[in-house]
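Undergrad: Mind having a look at this structure? Questions to follow.
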Amino acid sequence: MGCTLVIDTSYGSTVGVVGCEPIVETDSRTHVEKLQTNIARAVADAGMRASDIERIVVGVGPAPFTGLRAGIVAAKALAFATGATIVGQNILDPQHAMMRAAMGVAGLPDATSATASATAADASLAGVGFLADVPRCADAADAARHVTLCVNDARRKQLYFSLDQGSPASPSAGLRWIDMDIDYPESIVARVNAAVAERAERDGVAYVVDVAGHGAAKYAAAWDGLDSRGVVVDGSLLDAGAACLAMFAALADAQTADAGGSSPVDPLYLRRPDAEIPNPLKHVLGHAGAGRTR
């Protein structure tokens, strides 16, 4: 029987076979060097061989270039060597799915192939320390009041982010209020306040903005500027154990189906490259150009 392998290097690294505990490296300075070793170890710990891998779910960011590229290259090489199917999954939507699950709201449809392993995710989240302050929602209407500012540390005093509401399994339903982008925390707050105020006036609902992801605590002071701040959670779905590894894979299934079977494995860098082609030198008026000297 084959297995699904999850690889993500959007922040440190997480490697694991669905159904087993993942191997998590939080040190972004050494996770690339350990990646191949951790992949081999994760497969062996699951009682599998590389040839047993049927499917690879790889995180595609948004994240800084070097670490993200290492995970995607490793996943593509492994898929080529084993013949496994490979799908990409952004790492911001899972933060929203995590928050909904922690609030007691079903985040994924029953039809996803990995959902059988992911059904324990809601219960498992109850024991995750960094989710202890997330409130349980009384009903669907209560849950609809919560929107998630999903973030990932982009370094250079910036964050990758998106603003999501509703089911993370169906991004095509128009429930992403702000698309994935990169910005400074103070600018993010201004953009979120504007988006939430517009929706609140239109819908007649007092929305609450919860912040989730790596880097959320680092810029905690900025979130005080949110007009309707909820809880701030510094952690990701892939930090929360085996059941949440399955939930990550299930979300990839659901979003692939929602996109008509398409799931690109293209890195989401979002930040413009530092190196750019310089503009050509301008000609000086009346200058005939340099001549050859004899």
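No lab work stands behind these numbers, since they all come straight from the coordinates. Treat the numbers as computed from the prediction; the structure is a model and nothing was measured. When we count neighbours, we look across all protein chains shown, and the Cβ atoms used for this are built from the backbone with ideal geometry, even at glycine.
Undergrad: If neighbour count is taken as other Cβ atoms inside 10 Å, put MET98, MET103 in order from fewest to most. List each step's numbers first, then the result.
TA: Values: MET98 33, MET103 21.
Arranged by neighbour count, lowest to highest, MET98, MET103 become MET103, MET98.
Undergrad: Which aspartates and glutamates have a Cα less than 19 Å from the Cα of LYS34, not counting those fewer than 8 places away in the same chain?
TA: ASP8, GLU21, GLU25, ASP45, ASP239
Undergrad: Also, quick follow-up: Place a point 7 Å from Cα of LYS34 in the direction of its Cβ. Which residues in segment 49-77 have their backbone N less than 17 Å from it?
TA: Correct set: 67-68, 70-71.
Undergrad: Calculate, in nm to one decimal, what PHE80 and ARG41 gain on full extension: separation in residues at 0.36 nm each, minus their alpha carbon distance. If you can, show how the numbers build up before the last one.
TA: Working: separation 39, 0.36 × 39 = 14.04 nm, distance 1.94 nm.
Here the segment from PHE80 to ARG41 would lengthen by 12.1 nm.
Undergrad: Provide Rg over Rh for segment 1-111; use the alpha carbon set for both Rg and the Kirkwood Rh (inverse mean inverse pair distance).
TA: Details: Rg = 14.0 Å, Rh = 14.4 Å.
Radius of gyration relative to Kirkwood radius: 0.97.
Undergrad: Near LYS218, which aspartates and glutamates are there with a Cα under 14 Å away, not counting those fewer than 8 places off in the same chain?
TA: Partners found: ASP153, GLU186, ASP234.
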